[in-house]
Each structure stands twice: as structure tokens, then as C-alpha cells.
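First the structure, in the form of C-alpha cells, and then the observations on it.
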Amino acid sequence: MAIDPETITLVLHGGTLLVLYLFVLGIAWLVWRDVARGPAQPAAPAARLVVLDSGNTGLATGQRLSVLAFTTLGRSSENTIVLSEASVSAVHAAISWRAGHWWLQDQDSRNGTLLNDAVIEKATLLCHGDVIAIGLVRLRFEA
């Protein structure tokens, strides 16, 4: 059975149109998915903690500790920043980047978390130069 050239041309044109339509639908789906996600969150700017008083952690005074978009501080080795000091709870506090700002929150620690010598009880806005006290450890926030 021979296939005439007109049939071959028709099948090739139909296949080309099908591929073109699938390509356009794929692009439309990607655009819809990105629009449905909403605006992208800006990346967290660089931030760090400078050790002012290390207690018995072994950290050096003046040492700089990098802060991630979500950073936990505490005695447990599972924390982003480990403060191996008896007065520090296993997971003592957290620093997070949300809604374009840095926030500090106590994590129901035994001894509480101080920000500029005031006890914090809820998520509190962090500013450049603020001093965080966790047990005997004092850290200055820089962003």
C-alpha cells in the first residue's frame, strides 16, 4: 500500500501544528503558575551576630556569626547557632526574615530572651545594633 505525497504533507502539517499548540499551552501554563504564586519574596539581606559576651560557650568576643533567613539559637547541636552554655535552653530563640524585616522570638526558653535589656514575649522587630541576651551570652545584631 503506497501513501501518496499529499497525505504525508497533511500529516506533517498536522503534527507541526500539534507541536506548536502544545508549546503555546506549555508557556501559558508556566505563566499562569507563576502568576498564581504571587509576588516573589525578596531574599533576606546579609545579617550577622557579633559576640559581645560569650559566657562559657567558647566563642571569641568579636566573633561574627552568620544569620540565615531562619536561624535558631540554643544549646542543642541541631540549632543554626549553637550556644553551649548552661543558662541557654536547648532551642532558646529564633531570628527570622519575614515581611521585609528581621524578627526575634523567644522559643519558650527557661530563662527568657532579652532584647536591649527588655524581656521579649512575642516576635519583636530587630534593628541594626540591637543587643540580644540569651542566658549569659550577649550578641549584637548587624544587618
Query raised in the report: Among the residues of segment 1-54, which ones are closer than 30 Å to ALA133 by Cα and among the charged types (D, E, K, R)?
Result: ARG48, ASP53
Query raised in the report: Within segment 94-101, is even one residue free of Cβ contacts under 8 Å to residues at least 24 places away in the same chain and touching a Lys or Arg at 6+ places or on another chain (Cβ under 9 Å)?
Result: no
Requested in this report: Hey, can you tell me all the residues within segment 24-50 that are outside any helix (DSSP H, G or I) and either out of contact with any Lys or Arg (no Cβ under 8 Å at 6 or more places or on another chain) or at positive phi (or both)?
Outcome: GLY38, PRO39, ALA40, GLN41, PRO42, ALA43, ALA44, PRO45, ALA46, ALA47
Query raised in the report: Somewhere in segment 83-90, is a residue in contact (Cβ under 8 Å) with a residue 12 or more places away in the chain, in a strand (DSSP E or B) and hydrophobic (A, V, I, L, M, F, W, C)?
Result: no
Query raised in the report: Can you tell me which of LEU68, LEU18 is of a type in the set (A, V, I, L, M, F, W, C), over 30 Å from ASP117 (Cβ atoms) and at pLDDT 95 or above?
Result: LEU18
Requested in this report: Sort out which residues of segment 95-130 are over 21 Å from the mean Cα position of the chain (by Cα), crowded, with 16+ Cβ neighbours inside 10 Å and among the aliphatic types (A, V, I, L, M), and write them in order of number.
Outcome: LEU114, LEU115, ILE120
Query raised in the report: Would you pick out the residues in segment 1-23 that are open to solvent by less than 80 Å² (accessible area, probe 1.4 Å) and in a helix (DSSP H, G or I)?
Result: THR7, THR9, GLY14, GLY15
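The values are calculated or read from the model by the stated rules, or taken from the named source; none is laboratory data. Being a predicted model, the structure only gives us computed values, none of them experimental. Positions of Cβ are backbone-derived with ideal geometry, glycine not excepted, and every protein chain shown enters the neighbour counts. When the accessible area is computed, the model is the full protein with side chains, heavy atoms only, and any ligands, DNA or RNA have been set aside. Shrake-Rupley method; radii C 1.70, N 1.55, O 1.52, S 1.80 Å.
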